[in-house]
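Have a look at the structure below, then the notes.
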């Protein structure tokens, strides 16, 4: 009797259904019998390596979370997965794991300085290839540039210099990065920039239009940039704005009576409802205006419409 069936040609990848009937000596046919089989001869591939959308610039001691997305669930038989980076370091993902997405943290070293963090090679501790459930082995691949919201990840080990403010306290030179979506945005800078850094922002090729706000005169051209001041900026396409500067020597955001366009120095609660402040509104390119209630978080780099009942200064860290 027939115990096995070999197709006349190789079956394509995917789900196949086999139908079987038996016939006895009198020529009577049995009811159909069915069996399904899935053919999988496609090896898995690494589709992307990504990091959080912000920040895009990391310094020594910072932790970068790398997320790997494969075309299907993979494993390497209990061995550690090794990621070789273009910094010269190797990151290990310890077993057990089995899945389509794998996440691992990398701490930036003092010697790391690359413009675009890249995974150059995948391997395992036992030289066992990554396999899918059908036993197909993953081959090599081209280097995978780490993407952070469509931008490259930069590792910057430039020595931090200090400056002394009017009160004698040292102020470190800091880097700040902001993802600017395409279209109109309300932005602010939490840092004071020197003349060259400010000019670079004013002449940035992706910023096609930039306007400031004066409570008495409305929208005004921007001859210079000031920390915590807000700006209405039009971006031709999404990009990451990266600046270096220092924290203001004097804390606080100065408000004039009426509407003000300002931003916080760090992530902070909305000032709405605090003494001297009425309401606070945010802006998103896709969704427009939204009220920032007192419990809402406001982000550095974003600007907000704040209504002040009178002239004054608020402490908005």
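The set of residues in the stretch 228-246 that are touching a strand residue (DSSP E or B) at 6+ places or on another chain (Cβ under 7 Å), surrounded by fewer than 20 Cβ atoms within 10 Å (Cβ to Cβ) and not in a strand (DSSP E or B) comprises 236, 238. Considering only residues in the stretch 1-27 that are in contact with a strand residue (DSSP E or B) (Cβ under 8 Å, 6 or more places away or on another chain) and assigned to a loop (DSSP other than H, G, I, E, B), the one that is modelled with the lowest pLDDT turns out to be 5.
If you go through the stretch 33-43 and keep only what is at pLDDT 85 or above and assigned to a loop (DSSP other than H, G, I, E, B), you end up with 41, 42, 43. Scanning the stretch 247-268 for residues that are closer than 16 Å to residue 303 by Cα, touching a strand residue (DSSP E or B) at 6+ places or on another chain (Cβ under 6 Å) and in contact (Cβ under 8 Å) with a residue 60 or more places away in the chain yields 252, 253, 261, 262, 263, 264. Within the stretch 28-45, being under 30 Å from residue 71 (Cβ atoms) and in contact with a strand residue (DSSP E or B) (Cβ under 7 Å, 6 or more places away or on another chain) holds for 34, 35, 36, 37, 38, 39, 43, 44, 45. Counting the residues of the stretch 295-317 that are crowded, with 19+ Cβ neighbours inside 10 Å and farther than 25 Å from residue 177 by Cα gives 1. Number of residues in the stretch 175-196 that are surrounded by 16 or more Cβ atoms within 10 Å (Cβ to Cβ) and either free of Cβ contacts under 8 Å to residues at least 24 places away in the same chain or closer than 23 Å to residue 251 by Cβ (or both): the value is 12. Taken as a whole, the structure leaves residue 104 outside the set of residues that are in contact (Cβ under 8 Å) with a residue 60 or more places away in the chain and either in a loop (DSSP other than H, G, I, E, B) or touching a strand residue (DSSP E or B) at 6+ places or on another chain (Cβ under 7 Å) (or both).
The values are calculated or read from the model by the stated rules, or taken from the named source; none is laboratory data. Keep in mind that what you see is a predicted model, and the values were worked out from it rather than measured. Because the Cβ atoms are built from the backbone with ideal geometry, glycine has one as well, and the counts that use them run over all protein chains shown.
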